Amino acid sequence: MQMIAPNLCKLVGSATASKLISTAGGLDKLALMPACNIQVMGGSKAANIGLSMMERNHIGVFGSVDIVKNAPKRFQMPLVRMLASNTSKCVRADQLKSGSNGSLGEKLRN
């Protein structure tokens with residue numbers, strides 16, 4: 001994963017990066033997705049009743065990232081939105097092969 005998407009790996013980790021890329025169908029398709037669609041990738045598609053379950057649907061793959069898991073409940077959704085928009089930036093940089101050392105992902109993570 002470090003060779004395919006170094007910036008994305010620095011931002012969310014190799015495991016989450018591979019889940020995102022495989023769910024999207026490749027790096028090129030992930031680069032074309034808007035951040036709002038990246039945010040909900042991997043979420044449950046079942047119609048759940050109850051607000052707490054609906055909230056979890058919008059977290060998707062990012063629910064397994066340490067930053068989100070360790071954050072207080074009220075900060076989890078803003079963190080997921082931030083990660084989705086930064087993921088979009090990193091994937092596009094990886095697709096263009098710019099910043100192949102992962103510097104953009106490292107900068108956006110901090």
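The values are calculated or read from the model by the stated rules, or taken from the named source; none is laboratory data. Since this is a predicted model, take the numbers as computed values, not measurements. Note that each Cβ is placed from the backbone with ideal geometry, even for glycine, and that neighbours are counted across all protein chains shown. Surface areas here come from the heavy atoms of the whole protein model, side chains and all, with no ligands, DNA or RNA. Shrake-Rupley method; radii C 1.70, N 1.55, O 1.52, S 1.80 Å.
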Hits in region 25-49 - residues which are open to solvent by 80 Å² or more (accessible area, probe 1.4 Å), assigned to a helix (DSSP H, G or I) and either among the hydrophobic types (A, V, I, L, M, F, W, C) or modelled with pLDDT under 90 (or both):
Leu32, Cys36
Tell me which residues, restricted to region 55-109, are buried (at least 17 other Cβ atoms within 10 Å of the Cβ) and among the aromatic types (Phe, Trp, Tyr).
Phe62
Taking Leu11, is it in a helix (DSSP H, G or I), in contact with a Ser or Thr (Cβ under 7 Å, 6 or more places away or on another chain), modelled with pLDDT of 90 or more and within 20 Å of Arg109 (Cα to Cα)?
yes
Can we say Ser52 is within 25 Å of Ile4 (Cβ to Cβ), part of a helix (DSSP H, G or I) and either modelled with pLDDT under 90 or small (Gly, Ala, Ser) (or both)?
no
Specify which of the listed residues (Ser18, Ser22) is at pLDDT 90 or above, open to solvent by less than 50 Å² (accessible area, probe 1.4 Å) and part of a helix (DSSP H, G or I).
Ser18
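Report, by residue number, each residue of region 67-110 that is without any contact (Cβ under 8 Å) to a residue 12 or more places away in the chain, of a type outside the set (A, V, I, L, M, F, W, C) and either part of a helix (DSSP H, G or I) or closer than 14 Å to Gly13 by Cα (or both).
Within region 67-110, Lys69, Asn70, Lys73, Arg74, Pro78, Lys107, Asn110 meet the criteria.
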Report, ordered by the first and then the second residue, all pairs with beta carbons closer than 8 Å, sequence separation of six or more or different chains, a first member in region 11-28 that is more than 19 Å from Val80 (Cβ to Cβ), and a second member that is of a type in the set (Gly, Ala, Ser).
Leu27/Ala5
